[in-house]
Amino acid sequence: MKKQLLIIIILACSIICGAQTPWNGTIAESYDGGDGTPANPYQIATAEQLALLAQQTNDGTGGNAYYILTSDICLNANLNPLNWIPIGRVVNGTPSFFTGHFDGNNKTVSGLYYNNPDDDEVVGLFGCTYDAEIHDINLSNCSLSGSKYVGALVGRAGFTNISGCDIDHVTVNCEVRSAGGLVGFFGLPYGVYEDATETYLIIDCHAHQGVMVFGRLAGGLVGEISEYLLGGPSVPSVVSDCSSEALVEGTSSVGGIAGSFRNGKIDHCICWNEVHSSEWAGGMVGCGIALNVYNCVNCTYAVAMIFCGGMVGFLCGGNLAHCENYGDIDGNCYSGGGVSEIGGMVGKFEPDPILAGTDYEYIIRDCHNHGDIAYSGDEAGGIIGRSEGNAVERLVILDCSNNGRLHHNYGCAGGIVSFNHSYVMSLLNVYNTGDVGARYGVGGIVGEASSLMAVVMNAYSTGNLTHEIDNYVCPMGSIVGIANTTDQFNSCYWLSSNDYGSNGQGPQLESSCAFNPTASPSVWQLETPMHNTTDLLAALNDGAAQIEIEFPSLDEVSRWREDDEFNNGGFPIFGHQYTTIEEQETKHFSSAYPNPGKNVLNIRTALHNAHMEIYDMSGRLVYNQEITDNITTINTSYWSSGTYLWKVLVNGKEAESGKWIKE
């Protein structure tokens with residue numbers, strides 16, 4: 001299969017190269033101009049001059065100046081490709097580092113090829129970098145295979161900043177560790193054992209259609225990110241404003257952005273496509289340690305038998321905020337017997353190893369799951385599958401929701417959290433409208449509550465609960481499936497028509513009650529007055545205010561509003577949810593591919609209640625339809641060649657748009 005992919009890539013490259021002359025394996029004697037200074041960088045216009053940079057870096061006579069790419073470069077365009085020698089090579093365990101500044105000038109290098117894993121364990125256009133900067137280069141139609149640290153742009157990027165780099169139709173194979181579409185390993189330089197003293201960045205980088213990554217610790221953009229040794233943390237790495245449409249497969253730690261990420265932050269990123277792993281798979285990151293994830297959207301289908309999540313499969317310490325998951329999460333246990341713990345945000349949550357045993361507090365805030373969560377061999381939760389600490393660490397889940405369906409799970413399942421083991425946990429201001437099903441222990445908010453569940457406050461659930469799979473005794477509760485004590489539950493509400501009892505096994509909840517519909521389809525009445533009102537919306541807002549009083553360190557808690565547009569079935573929503581198209585535009589929910597294309601156009605979107613329109617450049621509407629699936633496939637075989645404008649509209653307003661080229 002991989003050989004067939006290589007043939008396809010090289011055939012495509014023969015078209016992409018066009019008028020460019022493919023590399024013949026020779027090395028230029030000089031650059032096209034420049035003196036290597038910031039004002040006058042060395043100019044690289046041919047493949048032979050790019051090979052000169054590799055030679056000088058590897059023999060120690062260069063690679064420490066300023067360079068600029070002045071033309072597109074084709075390295076291979078036939079079925080007998082030449083192996084590229086990385087810029088910064090490791091020979092017998094000794095690295096040569098590129099330490100300069102490389103400006104890609106928005107040019108493209110195509111046809112990069114390497115398949116000699118016995119000779120080089122660090123593979124990429126650049127092999128090893130140290131205190132370098134690389135920006136604004138595109139890589140297309142590339143195939144690389146190595147034993148360790150393989151990425152199309154850089155194999156091992158040490159203390160390096162990377163920005164404005166795009167890849168498409170790239171295949172990376174690395175079975176030992178660190179396979180990334182763009183970078184294999186990012187953080188500590190090869191063979192250097194010192195903590196970072198400043199933050200290093202990957203900004204505005206994108207893995208487009210046709211990117212496939214295979215290996216252990218594999219990511220659509222980066223295989224592995226780490227900037228500190230086991231002794232303690234240093235300055236964190238940051239990945240921001242990036243996207244990935246890569247297909248990523250591996251045996252352990254697989255993610256749409258990064259396979260493994262230790263000490264850092266992911267901010268304003270989005271992922272599409274699929275990630276598959278035997279263990280630790282996440283839409284963003286497979287395994288994270290001391291990792292914060294902010295303002296991210298995942299639309300990736302994630303599959304793993306052990307720890308799988310929409311944002312992170314296995315998270316050891318960190319915070320999440322303002323994230324949304326639209327991708328389905330699959331525990332890959334279709335007949336039971338597995339240990340997969342899966343969740344809409346995080347599959348399994350544990351403390352940061354360095355802070356374990358302390359009362360450090362982690363927060364998951366304003367995070368929302370819309371994807372289905374299924375086939376867990378153990379626990380499944382709308383936000384977290386399972387949390388496990390040492391009875392002193394604190395975990396707060398605040399202003400979060402789930403409307404995805406949880407089904408065919410062999411352990412217990414909860415609309416927000418399935419099972420908390422030895423974390424001092426607080427669930428505050430949360431709701432679930434998704435159906436929840438499992439074999440044992442089903443709860444609208446919590447599957448099974450341990451004695452360390454500190455408080456569940458101001459929560460509601462409306463989803464149907466189902467006992468699935470076999471005749472095993474299955475406690476089901478509208479709020480919690482199993483709870484031996486219920487003092488920690490306060491101001492919890494459930495739909496009266498789905499009244500399974502507030503607690504499936506244990507005493508029923510006090511200071512909580514069911515609610516009923518009224519003549520208005522988005523107004524709900526409590527059966528018992530709470531906060532001196534029988535109006536559900538008013539009670540929720542009073543409860544949010546009470547949380548601010550009891551938990552002052554959390555600052556402002558989200559208020560609620562009526563769902564008069566029925567985005568949430570008429571049930572109350574947070575004030576900022578489903579509000580402005582402008583907010584959605586910043587998250588890049590939609591894409592069109594292949595681009596350019598011929599007879600088929602696919603529009604992929606995670607926007608709900610959406611409508612699609614496509615115009616030619618004269619402004620004539622050529623196609624429109626309602627969007628009912630994440631991917632809409634359009635037959636364009638009868639369309640004329642040229643450029644088209646596509647738009648995705650929500651509630652009659654343009655949410656996203658782009659151009660598509662018909663060849």
With respect to ASN490, is the statement that it is out of contact with any helix residue (DSSP H, G or I) (no Cβ under 6 Å at 6 or more places or on another chain), at pLDDT 95 or above and not in a loop (DSSP other than H, G, I, E, B) true?
yes
Screening GLY327, GLY331, GLY313 for residues that are closer than 16 Å to VAL254 by Cα and modelled with pLDDT of 95 or more leaves only GLY313
For ARG604, only one of the following conditions fails: (1) open to solvent by 50 Å² or more (accessible area, probe 1.4 Å); (2) of a type outside the set (Val, Ile, Thr); (3) touching a strand residue (DSSP E or B) at 6+ places or on another chain (Cβ under 7 Å). What is its number?
(1)
Testing ILE203 on (1) aliphatic (A, V, I, L, M); (2) more than 21 Å from SER140 (Cα to Cα); (3) surrounded by fewer than 23 Cβ atoms within 10 Å (Cβ to Cβ), one condition comes back false. Which one is that?
(2)
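Would you mind stating whether LEU217 is aliphatic (A, V, I, L, M), closer than 26 Å to SER110 by Cα, open to solvent by 10 Å² or more (accessible area, probe 1.4 Å) and without any contact (Cβ under 8 Å) to a residue 40 or more places away in the chain?
Here the answer is no, as LEU217 does not meet what is asked.
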Scan segment 395-430 residue by residue and report those that are over 27 Å from ILE549 (Cβ atoms) and in a strand (DSSP E or B).
LEU406, HIS407, ALA413, SER418, PHE419, HIS421
Search result, residues across segment 285-310 that are in a strand (DSSP E or B), of a type outside the set (A, V, I, L, M, F, W, C) and buried (at least 24 other Cβ atoms within 10 Å of the Cβ):
GLY286, GLY288, ASN298, GLY309
State yes or no: is THR99 polar (S, T, N, Q), in contact (Cβ under 8 Å) with a residue 60 or more places away in the chain and closer than 21 Å to PHE186 by Cβ?
no
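Just to check your reading of the model, which residue among SER478, SER491, SER496 is in contact with an Asp or Glu (Cβ under 9 Å, 6 or more places away or on another chain), farther than 16 Å from LEU427 by Cα and open to solvent by less than 40 Å² (accessible area, probe 1.4 Å)? Please lay out each step first, then the result.
On the way: SER478 fails: farther than 16 Å from LEU427 by Cα; SER491 fails: farther than 16 Å from LEU427 by Cα.
Answer to the check: SER496.
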Going residue by residue through segment 55-62, is there one that turns out to be farther than 19 Å from GLY124 by Cβ, surrounded by 22 or more Cβ atoms within 10 Å (Cβ to Cβ), over 32 Å from the mean Cα position of the chain (by Cα) and not charged (D, E, K, R)?
no
Of everything in segment 125-144, what is in a strand (DSSP E or B) and either open to solvent by 30 Å² or more (accessible area, probe 1.4 Å) or on the phi > 0 side of the Ramachandran plot (or both)? Give them in sequence order.
TYR130, GLU133, ASP136, ASN138, ASN141
Tell me, which residue of segment 627-640 that is open to solvent by 70 Å² or more (accessible area, probe 1.4 Å) and at pLDDT 90 or above is nearest to the chain's Cα centre (by Cα)?
ASN635
Among the residues of segment 113-124, the number that are outside any strand (DSSP E or B) and in contact (Cβ under 8 Å) with a residue 24 or more places away in the chain is 7
Answer yes or no as to whether GLN20 is farther than 20 Å from GLY146 by Cα and either part of a helix (DSSP H, G or I) or aliphatic (A, V, I, L, M) (or both).
no
Conditions: (1) under 32 Å from the mean Cα position of the chain (by Cα); (2) open to solvent by less than 40 Å² (accessible area, probe 1.4 Å); (3) modelled with pLDDT under 95; (4) more than 26 Å from GLU198 (Cβ to Cβ). PRO117 meets all but one. Number of the miss?
(2)
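Only residues that are over 30 Å from the mean Cα position of the chain (by Cα) and open to solvent by 70 Å² or more (accessible area, probe 1.4 Å): list them for segment 641-656, please.
Answer for segment 641-656, where residues must be over 30 Å from the mean Cα position of the chain (by Cα) and open to solvent by 70 Å² or more (accessible area, probe 1.4 Å): just SER641.
Condition check ((1) among the hydroxyl-bearing types (Ser, Thr, Tyr); (2) at negative phi; (3) more than 16 Å from the chain's Cα centre (by Cα)) across all residues:
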site: ILE342; (1), (2), (3): no, yes, no
site: ILE354; (1), (2), (3): no, yes, yes
site: TYR362; (1), (2), (3): yes, yes, yes
site: ARG365; (1), (2), (3): no, yes, yes
site: HIS368; (1), (2), (3): no, yes, no
site: ILE383; (1), (2), (3): no, yes, no
site: LEU395; (1), (2), (3): no, yes, yes
Residue hits (segment 153-195; surrounded by 24 or more Cβ atoms within 10 Å (Cβ to Cβ), modelled with pLDDT of 95 or more and over 20 Å from the mean Cα position of the chain (by Cα)) are LEU153, VAL154, GLY155, ARG156, ALA157, THR160
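For every residue, the table says whether it meets (1) surrounded by 23 or more Cβ atoms within 10 Å (Cβ to Cβ); (2) within 35 Å of the chain's Cα centre (by Cα); (3) of a type in the set (S, T, N, Q).
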{"site": "TYR31", "(1), (2), (3)": "yes, no, no"}
{"site": "THR46", "(1), (2), (3)": "no, no, yes"}
{"site": "ASN64", "(1), (2), (3)": "no, yes, yes"}
{"site": "ASN76", "(1), (2), (3)": "yes, yes, yes"}
{"site": "LEU82", "(1), (2), (3)": "no, yes, no"}
{"site": "ILE85", "(1), (2), (3)": "no, yes, no"}
{"site": "SER96", "(1), (2), (3)": "no, yes, yes"}
{"site": "THR99", "(1), (2), (3)": "no, yes, yes"}
{"site": "GLY111", "(1), (2), (3)": "yes, yes, no"}
If you check GLU562 against the conditions, is it of a type in the set (D, E, K, R), farther than 19 Å from VAL430 by Cα and open to solvent by 50 Å² or more (accessible area, probe 1.4 Å)?
no
Taking segment 499-526 and the residues there that are open to solvent by less than 30 Å² (accessible area, probe 1.4 Å) and among the aliphatic types (A, V, I, L, M), the one that is farthest from PRO572 (Cα to Cα) would be LEU509
Select from segment 418-429 the residues that are in contact (Cβ under 8 Å) with a residue 40 or more places away in the chain and closer than 20 Å to TYR493 by Cβ and write down the one among them that is surrounded by the fewest Cβ atoms within 10 Å (Cβ to Cβ).
SER426
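Looking at the structure I just gave you, is ALA356 in contact (Cβ under 8 Å) with a residue 12 or more places away in the chain and open to solvent by 30 Å² or more (accessible area, probe 1.4 Å)? Reasoning before the result, please.
Numbers: in contact (Cβ under 8 Å) with a residue 12 or more places away in the chain: yes; open to solvent by 30 Å² or more (accessible area, probe 1.4 Å): yes.
In short, yes.
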Checking the structure you have, find out if any residue of segment 452-470 is of a type in the set (A, V, I, L, M, F, W, C), part of a loop (DSSP other than H, G, I, E, B) and open to solvent by 10 Å² or more (accessible area, probe 1.4 Å).
yes
Hey, could you check segment 641-654 for residues that are aliphatic (A, V, I, L, M) and out of contact with any Lys or Arg (no Cβ under 8 Å at 6 or more places or on another chain) and say which is modelled with the lowest pLDDT?
VAL650
Pair list, Cβ < 6 Å and 6+ apart or interchain, from segment 450-468 residues that are in contact (Cβ under 8 Å) with a residue 24 or more places away in the chain to residues that are among the aromatic types (Phe, Trp, Tyr) and part of a strand (DSSP E or B):
VAL456/PHE489; TYR460/TYR431; TYR460/TYR493; SER461/TRP494
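If you scan segment 271-280, which residues turn out to be over 12 Å from VAL293 (Cβ atoms) and part of a strand (DSSP E or B)? If you could, list the steps in order and put the result at the bottom.
From segment 271-280, those over 12 Å from VAL293 (Cβ atoms) are 272-280; that's our starting set.
Those that are over 12 Å from VAL293 (Cβ atoms) and part of a strand (DSSP E or B): GLU274, VAL275, HIS276, SER277, SER278, GLU279, TRP280.
The values are calculated or read from the model by the stated rules, or taken from the named source; none is laboratory data. Everything numeric in this text was worked out from a predicted model, so none of it was measured. When we count neighbours, we look across all protein chains shown, and the Cβ atoms used for this are built from the backbone with ideal geometry, even at glycine. Just the protein is used for accessible areas: all its heavy atoms, side chains included, with ligands, DNA and RNA removed. Shrake-Rupley method; radii C 1.70, N 1.55, O 1.52, S 1.80 Å.
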